[in-house]
Protein chains: 2
Amino acid sequence: MSRLDSAIRRLQAQQLCLEWAASAVANRSGNAIELGLGNGRTFDHLRSLMPERPFYVFDRQIAAHPDCIPADDRIFLGDFRETLVAAKQALGQTVLLAHLDIGTGDKAASIALAAEIAPLVDGLLADDAVVVSDQPVILPRWTSAPLPEGIRPGRIHLYQIG
Amino acid sequence: MSRLDSAIRRLQAQQLCLEWAASAVANRSGNAIELGLGNGRTFDHLRSLMPERPFYVFDRQIAAHPDCIPADDRIFLGDFRETLVAAKQALGQTVLLAHLDIGTGDKAASIALAAEIAPLVDGLLADDAVVVSDQPVILPRWTSAPLPEGIRPGRIHLYQIG
């Protein structure tokens, strides 16, 4: 498989999993978060799926397309380990949907970062929340959910909480 | 359409058009070129489609994944306007397949760059060559070819030469 093939499958997997997650919580009110705004593609997709839901993003710096940058009061800017603590104060345990898109090219570092920050994300998650994550996470409340058909296991991860 | 949807369609359009181009010249020997190596995804896809064909890339700087960087003697590094002149000396009119992937976020600048360098690319192209281009080009020898089904007109451009 070429890197072009692989990129297409990765984006399609994100698309399918974000649609699964938005659908899973569609009938309940609560906040959404994304860790790793990046170029803003998945933020743009998620907000199109849930235009009414309050949606907060976390990143170290803003590098997204200008039309994919949320309002200032919806951005937690800085190190995840600090901003997730601040978010707990601001939001409590009100998050129904979380998208973790934190990986870099360095696989070991990405997994280690996920292990470090996932407990802080967990503190924000309401019962029956759902998580889409580019990294695998093992936590007591996080139960793996099956991937939509056609996605290679391990490419992306879905969790149901509580 | 979200930016995630749009990115998927753009990469799928590249995939389909590169496959069309590689197939169109499959039975003839000649060189291939790509202008704009970028992250190396389409280079990786094209070389998988035509592993035997000599394949030269042009870019201002190398920023590709380490496993998507061609050998030094297959890279023309620098301003296209200079390296295309050097390539004419080195390769003559031997190119059967060209992929132009030169666009930046600035649409007007991208079209202007294409207009400036396309005549230099034209000088490298053998009769019956094919071109896949992210920018529209108007030149006497370049005849638009129909896009594969499902691709929005204007998203990408195919040309047959001569």
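Numerical summary
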| quantity | calculated |
| --- | --- |
| Evaluation of B:T104 against (1) within 14 Å of chain A (Cβ to nearest Cβ); (2) part of a helix (DSSP H, G or I); (3) of a type in the set (S, T, Y) (one fails), failing number | (2) |
| Single residue of B:I69, B:I75 found to be in contact with a strand residue (DSSP E or B) (Cβ under 7 Å, 6 or more places away or on another chain) and under 30 Å from A:A63 (Cβ atoms) | B:I75 |
| In the range B:120-131, the residues that are outside any strand (DSSP E or B), closer than 14 Å to B:Y159 by Cα and in contact with a helix residue (DSSP H, G or I) (Cβ under 9 Å, 6 or more places away or on another chain) | B:V121 |
| Candidate set from the range B:69-83 (those that are assigned to a strand (DSSP E or B) and under 15 Å from the mean Cα position of the chain (by Cα)); member that is farthest from the other protein chains (Cβ to nearest Cβ) | B:F76 |
| Top-ranked residue of the range B:31-68 - restricted to ones that are within 12 Å of chain A (Cβ to nearest Cβ), open to solvent by 30 Å² or more (accessible area, probe 1.4 Å) and not in a helix (DSSP H, G or I), ranked as modelled with the highest pLDDT | B:P51 |
| Some residue of the range A:57-66 being closer than 18 Å to A:L124 by Cβ and not charged (D, E, K, R) | yes |
| Residues of the range B:101-143 classified as more than 15 Å from the chain's Cα centre (by Cα) and of a type in the set (A, V, I, L, M), total | 5 |
| Boolean, B:A22 is open to solvent by less than 70 Å² (accessible area, probe 1.4 Å) and more than 14 Å from chain A (Cβ to nearest Cβ) | no |
| Any hit, the range A:135-142, residues being open to solvent by 50 Å² or more (accessible area, probe 1.4 Å), assigned to a helix (DSSP H, G or I) and either modelled with pLDDT under 95 or out of contact with any Gly (no Cβ under 9 Å at 6 or more places or on another chain) (or both) | no |
| Matching residues, the range A:83-115, being of a type in the set (A, V, I, L, M, F, W, C) and farther than 17 Å from A:Y159 by Cα | A:L84, A:V85, A:A86, A:A87, A:A90, A:L91, A:A108, A:A109, A:A112, A:L113 |
| Of all residues making up the range B:93-134, the number that are free of Cβ contacts under 8 Å to residues at least 24 places away in the same chain, loosely packed, with under 15 Cβ neighbours inside 10 Å and of a type outside the set (S, T, N, Q) | 8 |
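The values are calculated or read from the model by the stated rules, or taken from the named source; none is laboratory data. If you're wondering where the values come from, they're calculated on a predicted model, not measured in any experiment. Virtual Cβ from ideal backbone geometry, glycine too; neighbours counted across all protein chains shown. Just so you know, the surface numbers come from the protein's heavy atoms only, side chains and all, with ligands and any DNA or RNA stripped out. Shrake-Rupley method; radii C 1.70, N 1.55, O 1.52, S 1.80 Å.
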